[in-house]
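*Asks:* Before I ask anything, let me first share the structure, which is written out below as structure tokens.
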Amino acid sequence: TVTKKAAAKKPATKAASARKAPVTAKALQGKIIQHLRGTQGTYEEKATPQAWWRATSFAVNEFVMAGLTDTQKTHSRYDTRAVNYLSMEFLMGRLLSNNLHNLHLFDVTRAALEGLGQNLDDLLEEEPDMALGNGGLGRLAACFLDSLATMNLPAVGYGIHYEHGLFEQHFRDGRQIERPDAWREYGNPWEVCRPESAQQVKLYGYVETRYEGATPKKVWHAGRTIKAVPWDIPIVGYDGANVNILRLWESRATNFFDWDVFNAGGYVDAQAEQAQAETISKVLYPNDETDAGKELRLIQQYFFCAASVADIVRRYRRAHGDDWTSFPKLVAIQLNDTHPAIAIPELMRVLIDDYDMAWKDAWGICQQVFSYTNHTLLPEALEKWTVRLFEKVLPRHLDIIYDINHQFLTQQVDAQWPGDDAMKQHLSIIEEGHERMVRMGHLSVVGSHKVNGVAQVHSDLVRTDLFPEFHELWPEKLTNVTNGITPRRWLKACNPRLAALIDQHIDADWPLHLDKLKGLIAKADDAKFQQAFMAVKRENKVDLVAEIHRLTGIEVSPDALFDVQIKRLHEYKRQHLNLLHILALYRRLLDNPEYNMVPRVFLFGAKAAPGYHLAKDIIFAINKVAERINNDSRIGGKLKVVMLPNYRVSLAEKMIPAADVSEQISTAGKEASGTGNMKLALNGALTIGTLDGANIEIAEEAGADHCFIFGLTVDEVKALNARGYNPYDFYDHDEEIRAVLDWLDSDYFTPGQPGALASIKHSLLQGGDPYKVLADFRAYSDAQRNVDEKYRDGTAWARSAIINTATMGKFNSDRSIQDYVDRIWHLKAYPRDN
Ligand code: B1N
């Protein structure tokens, strides 16, 4: 029987609980040993570090699971409204350290392990990263889950349980080599399989129209059915808050064998069926910001959306049966970019076909429930599927999309622009052309009640450049939520020295109320605090020096300025602008060994999409230039260049605390927000950057004196494009630009292989330099000169570094989530009853 629960009143927010470990070191030791012996089947004298890591994780998981049960009971008792965050990517990184910090178990675990002759830091290194994402979009989803749990907001993350996350990157002779990532090869101590909540997902087939009642009924006869099995990862909030879940779907064949085929002697064919079904969740597409248009990708999208929508409907019906009136009151669904946009027609299909709801009612529900976040303006990332592919894979959804589009064009568009066929064509969800396409962005805007960009300038561009007519049609729909990062992982856990220093000067609850860092501004001129702050930075640099040596064999000095560019490799992010400047410095040093510059280490971390050849060439170029520079005794160690292999969350956690300078040098208008920029500034790095994405808001918060802003603005880039940009103007007239480009084209960095680096020069000249690298070079070089000068003045630098940390409170992802709650989700917090 279905009982309808009265929604309880919002409970009072619980006061910050005492910051005390919930267990003694002695008791925790007992649990670790119990798991070592009882679940790992080994013993103290024999256990490998892996086994110790597992046993420790299982011991900690006891506390996690207790919190999970309490939270689920609370949510069920109060019949809470929840947000369902649908994302193809969740870039979680490692979980043990984060869970220890959020549960206040870190110190007690260290002590417990010490008593057992184990070192916690070493064990943390045993955990593979959960790399189920490409970059910022996936990491944002992970930070949001941390904030939602911390803020006691009912939320479920829905995604795909990829067997292989983002590839592992190696370098062979400086070139990127990809190897499969096998994060779960030996199981994952945090996840729980929930076979009781498995779902069936249909694909292919045809649609029959039945004329029975007053309105014809469409029946989808699917060609295949696939099983979706959920794996739940508990998400632990900070400081005794809720434990939410991340539910990741794995694909399986519906029946282990097709018995008919099997019995007819087709044992191998039956196996093939199985393998095909399991391909769906096999591997994460490694293309950040490009739409490959592949059938498997569409199937991945539909697979996890259909399973998630079915799960959301199941949870709702458990409490409310067939009474749909509360559905939009209890359910919010956030689309993390257009990747899960197919959830819109899927919910329509479920309501109309499975529950016989009228079109109008179903559409009303969808528009109340869905909202969409846009993460990019890059045309190559805007998803489109051919109608042909849709018709084959999701015939019923194509019907529904046509119906949505028809209603939209004939009612909304025609009312606003009567008889304007060009406008209809322009706004249609279906793009006409020699191959008709389904525009997932248009579908997302039409089906959502709110659409947001991820930083102010980006949201402004969404309104003015990407969707201006939609903005005219629905002036309230398009809004902004500036991105954020969780200060638990990105300061407290990754930079324990700085966290401890901060604890000495302001309330220790700053990880919950990051604005409290403002209290450090008063210390920015205090010589003793400056010293302590820079001593922390230096110790972090010493740690990174050791890691660099371990990973690459390269020796660098912690006394040098550490200049860091860490992000996916993309032309628009302009790692090659950084490289050209490095070449210019190298050339100046060779021309004049007395050239006055602070010794500097340029650090890079970046993966390139496997099919993005120019990106891979840029990695190769950085590695080759590094090799030459690092082994050139003529420059007296003033310049070092290091590209660390396999950049990922856990490597970011080591690089960010040691950074002096944060490189945020995208072409203005191209980086929607950026989030690494926030992490670096929070950890006391000074930004050298363009007025792009969240850099603008970072510079506003920190103040112009504490960043190095340079280059073309969004408007200047537009004006330059309008009057016609010619990169040869810079090549011909700037002697240094010409020299470094020609140098790249020689065999100076690739002895015996002339032209091995020519593609970069080619793209910047004949290729038209689409990202304005040459136009911004001189301004960048001048800004770098200012960085150098400022670094010589230790006091001025320390002051700016402190002010950066002190003013980054805005970029707490808790603030972003509060914005989503206020502007879009309208959720209430429910601290757990315990
Ligand atoms: O999303 C981040 C932003 O901070 C970055 O500026 C933005 O570049 C990033 C297709 C994407 N936008 N689009 C993607 C990822 C995977 C894919 O298959 C597009 N990633 C971003 C968070 O808002």
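The values are calculated or read from the model by the stated rules, or taken from the named source; none is laboratory data. What you see is a predicted model, and the numbers here were worked out from it, not measured in a lab. When we count neighbours, we look across all protein chains shown, and the Cβ atoms used for this are built from the backbone with ideal geometry, even at glycine.
*Asks:* Only one of these conditions is not met by Leu153: (1) surrounded by 21 or more Cβ atoms within 10 Å (Cβ to Cβ); (2) more than 16 Å from the ligand (Cβ to nearest atom); (3) part of a helix (DSSP H, G or I); (4) of a type in the set (A, V, I, L, M, F, W, C). Which number is it?
*Replies:* (3)
*Asks:* Can you say whether Asp692 is at pLDDT 95 or above, charged (D, E, K, R), buried (at least 21 other Cβ atoms within 10 Å of the Cβ) and farther than 23 Å from Gln530 by Cβ, as far as the supplied structure shows? Give the derivation first.
*Replies:* Working: at pLDDT 95 or above: yes; charged (D, E, K, R): yes; buried (at least 21 other Cβ atoms within 10 Å of the Cβ): yes; farther than 23 Å from Gln530 by Cβ: yes.
Considered against the rule, which asks whether it is at pLDDT 95 or above, charged (D, E, K, R), buried (at least 21 other Cβ atoms within 10 Å of the Cβ) and farther than 23 Å from Gln530 by Cβ, Asp692 comes out as yes.
*Asks:* Continuing with the same structure: Within the set of pairs 6+ apart or on separate chains, which have a first residue in segment 285-296 that is more than 8 Å from the ligand (Cβ to nearest atom), a second that is of a type in the set (Gly, Ala, Ser), and C-beta atoms under 6 Å apart?
*Replies:* Pro286/Ala609
*Asks:* Looking only at segment 782-815, which residues are in a helix (DSSP H, G or I), within 16 Å of Asp515 (Cα to Cα) and not small (Gly, Ala, Ser)? Steps first, please.
*Replies:* In the first step, residues of segment 782-815 are kept if they are in a helix (DSSP H, G or I); the result is 782-792, 794-806, 808-811, 813-815.
Pick out the ones that are also within 16 Å of Asp515 (Cα to Cα) and you get 802-806, 808-811, 813-815.
Listed by number, the residues that qualify are Ile802, Ile803, Asn804, Thr805, Met808, Lys810, Phe811, Asp814, Arg815.
Each row is one residue, and each column tells you yes or no for (1) within 29 Å of Leu166 (Cα to Cα); (2) of a type in the set (A, V, I, L, M, F, W, C).
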residue	(1), (2)
Asp559	no, no
Lys567	yes, no
His570	yes, no
Asn578	yes, no
Leu583	no, yes
Arg587	no, no
Leu590	no, yes
Val598	no, yes
Phe602	yes, yes
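*Asks:* Scan segment 124-139 and report the pairs whose first residue is in contact (Cβ under 8 Å) with a residue 60 or more places away in the chain and over 19 Å from Gly159 (Cα atoms) and whose second residue is more than 8 Å from the ligand (Cβ to nearest atom) and basic (Lys, Arg), with Cβ atoms within less than 7 Å and a gap of 6+ or a chain change.
*Replies:* Leu124/Arg94; Glu127/Arg94
Yes/no per residue for (1) more than 23 Å from Asn119 (Cβ to Cβ); (2) assigned to a loop (DSSP other than H, G, I, E, B); (3) at pLDDT 95 or above:
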| position | (1), (2), (3) |
| --- | --- |
| Ala21 | no, yes, no |
| Ala27 | no, no, yes |
| Lys31 | no, no, yes |
| His35 | no, no, yes |
| Thr42 | no, yes, yes |
| Glu45 | no, yes, yes |
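*Asks:* With the condition kept exactly as written, say whether any residue in segment 639-654 is part of a helix (DSSP H, G or I) and within 15 Å of the ligand (Cβ to nearest atom).
*Replies:* Yes - at least one qualifying residue is present in segment 639-654.
*Asks:* Given (1) at pLDDT 95 or above; (2) under 29 Å from Thr486 (Cα atoms); (3) buried (at least 22 other Cβ atoms within 10 Å of the Cβ), where does Asp288 come up short, assuming only one miss?
*Replies:* The one condition Asp288 does not meet is (1).
*Asks:* Another question, if that's okay. Tally up the residues in segment 731-757 that are in a loop (DSSP other than H, G, I, E, B) and charged (D, E, K, R), please. Steps first, answer last, please.
*Replies:* Filtering segment 731-757 for residues in a loop (DSSP other than H, G, I, E, B) gives 734, 746-757.
Among the residues that remain, those that are also charged (D, E, K, R) are: 734, 747.
The qualifying residues number 2.
*Asks:* Please work out if Ser97 is among the hydroxyl-bearing types (Ser, Thr, Tyr), more than 16 Å from the ligand (Cβ to nearest atom), under 24 Å from Asn812 (Cβ atoms) and in contact (Cβ under 8 Å) with a residue 24 or more places away in the chain.
*Replies:* Numbers: among the hydroxyl-bearing types (Ser, Thr, Tyr): yes; more than 16 Å from the ligand (Cβ to nearest atom): yes; under 24 Å from Asn812 (Cβ atoms): yes; in contact (Cβ under 8 Å) with a residue 24 or more places away in the chain: yes.
Yes; evaluated as a whole, the condition is true for this residue.
*Asks:* Would you confirm whether or not segment 314-329 contains a residue that is over 22 Å from Gly157 (Cβ atoms) and within 16 Å of the ligand (Cβ to nearest atom)? It would help to see each step written out before you state the result.
*Replies:* We begin by selecting, within segment 314-329, every residue over 22 Å from Gly157 (Cβ atoms); these are 320-326.
Now narrow it down to the ones that are within 16 Å of the ligand (Cβ to nearest atom): none.
So far as segment 314-329 goes, no, none of its residues is over 22 Å from Gly157 (Cβ atoms) and within 16 Å of the ligand (Cβ to nearest atom).
Residues checked against (1) touching a His at 6+ places or on another chain (Cβ under 6 Å); (2) closer than 21 Å to Leu382 by Cα; (3) within 16 Å of the ligand (Cβ to nearest atom):
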| site | (1), (2), (3) |
| --- | --- |
| Ser459 | no, yes, yes |
| Phe470 | no, yes, no |
| Glu476 | no, no, no |
| Thr479 | no, yes, yes |
| Gly484 | no, no, yes |
| Leu491 | no, no, no |
| Ile502 | no, no, no |
| Asp509 | no, no, no |
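*Asks:* Regarding segment 434-448, can at least one residue be identified that is away from the ligand (no atom under 16 Å from the Cβ) and acidic (Asp, Glu)?
*Replies:* yes
*Asks:* With the requirement that a residue be of a type outside the set (D, E, K, R), in contact (Cβ under 8 Å) with a residue 24 or more places away in the chain, within 16 Å of the ligand (Cβ to nearest atom) and out of contact with any helix residue (DSSP H, G or I) (no Cβ under 9 Å at 6 or more places or on another chain), what does segment 374-393 give you? Working first, answer last.
*Replies:* We begin by selecting, within segment 374-393, every residue of a type outside the set (D, E, K, R); these are 374-379, 381-382, 385-387, 389-390, 393.
Within this subset, residues satisfying the condition of being in contact (Cβ under 8 Å) with a residue 24 or more places away in the chain are 374-378, 381-382, 385-387, 389-390, 393.
Remaining after also requiring within 16 Å of the ligand (Cβ to nearest atom): 374-378, 381-382, 385.
Hit for segment 374-393 is Ala381, nothing else.
*Asks:* Specify the residue that is farthest from the ligand (Cβ to nearest atom); the eligible residues are those in segment 678-730 that are in a helix (DSSP H, G or I) and of a type in the set (Asp, Glu). So that I can check it myself, show each step before the final result.
*Replies:* Keep residues of segment 678-730 that are in a helix (DSSP H, G or I), which gives 678-682, 695-702, 704-706, 714-723, 728-730.
Going one step further and asking which of them are of a type in the set (Asp, Glu), we end up with 697, 700-701, 705, 715-716, 729.
Values: Glu697: 12, Glu700: 17, Glu701: 17, Asp705: 25, Asp715: 19, Glu716: 20, Asp729: 29 Å.
Top of the filtered list is Asp729.
*Asks:* For segment 475-482, indicate whether the set of residues that are surrounded by 19 or more Cβ atoms within 10 Å (Cβ to Cβ), within 24 Å of Ala699 (Cα to Cα) and basic (Lys, Arg) is non-empty.
*Replies:* no
*Asks:* Restricted to segment 333-343, and to residues that are of a type in the set (A, V, I, L, M, F, W, C) and over 14 Å from Leu298 (Cα atoms), which residue is farthest from the ligand (Cβ to nearest atom)?
*Replies:* First pass over segment 333-343, keeping only residues of a type in the set (A, V, I, L, M, F, W, C): 333, 335, 341-343.
Add one more test, that the residue is over 14 Å from Leu298 (Cα atoms), and what stays is 333, 335.
Details: Ile333: 18, Leu335: 13 Å.
Looking at the filtered set, the residue picked out is Ile333.
*Asks:* Then there's this: Quick check on this structure: which one of Glu671, Glu663 is assigned to a loop (DSSP other than H, G, I, E, B) and either under 21 Å from the mean Cα position of the chain (by Cα) or within 16 Å of the ligand (Cβ to nearest atom) (or both)? Break it down stepwise before answering.
*Replies:* On the way: Glu663 fails: assigned to a loop (DSSP other than H, G, I, E, B).
Answer to the selection: Glu671.
*Asks:* Can you confirm whether Ala702 is of a type in the set (A, V, I, L, M, F, W, C) and under 18 Å from the mean Cα position of the chain (by Cα)? If you could, list the steps in order and put the result at the bottom.
*Replies:* On the way: of a type in the set (A, V, I, L, M, F, W, C): yes; under 18 Å from the mean Cα position of the chain (by Cα): no.
So Ala702 does not fit the description; no.
*Asks:* Tally time: how many residues in segment 519-531 are in contact with a helix residue (DSSP H, G or I) (Cβ under 6 Å, 6 or more places away or on another chain) and part of a helix (DSSP H, G or I)?
*Replies:* Residues of segment 519-531 in contact with a helix residue (DSSP H, G or I) (Cβ under 6 Å, 6 or more places away or on another chain): 520-521, 523-524, 529-530.
Then drop every residue that is not part of a helix (DSSP H, G or I), which leaves 520-521, 523, 529-530.
Matching residues across segment 519-531 total 5.
*Asks:* Okay, next question. With segment 314-416 as the region, which helices (runs of 4 or more DSSP H) entirely inside it contain at least 1 residues that are hydroxyl-bearing (Ser, Thr, Tyr)?
*Replies:* Numbers: elements: 327-330, 343-349, 359-369, 387-393, 395-407.
Result: 395-407.
*Asks:* Return the residue satisfying two criteria in turn: it lies in segment 156-175 and is crowded, with 24+ Cβ neighbours inside 10 Å and farther than 21 Å from Ser673 by Cβ, and of such residues it is farthest from the ligand (Cβ to nearest atom).
*Replies:* As a first pass, look at segment 156-175 and keep what is crowded, with 24+ Cβ neighbours inside 10 Å: 157-160, 162, 165-166.
Okay, now just the ones that are also farther than 21 Å from Ser673 by Cβ, so 158, 160, 162, 165.
Details: Tyr158: 17, Ile160: 12, Tyr162: 13, Gly165: 13 Å.
Looking at residues that are crowded, with 24+ Cβ neighbours inside 10 Å and farther than 21 Å from Ser673 by Cβ, I get Tyr158.
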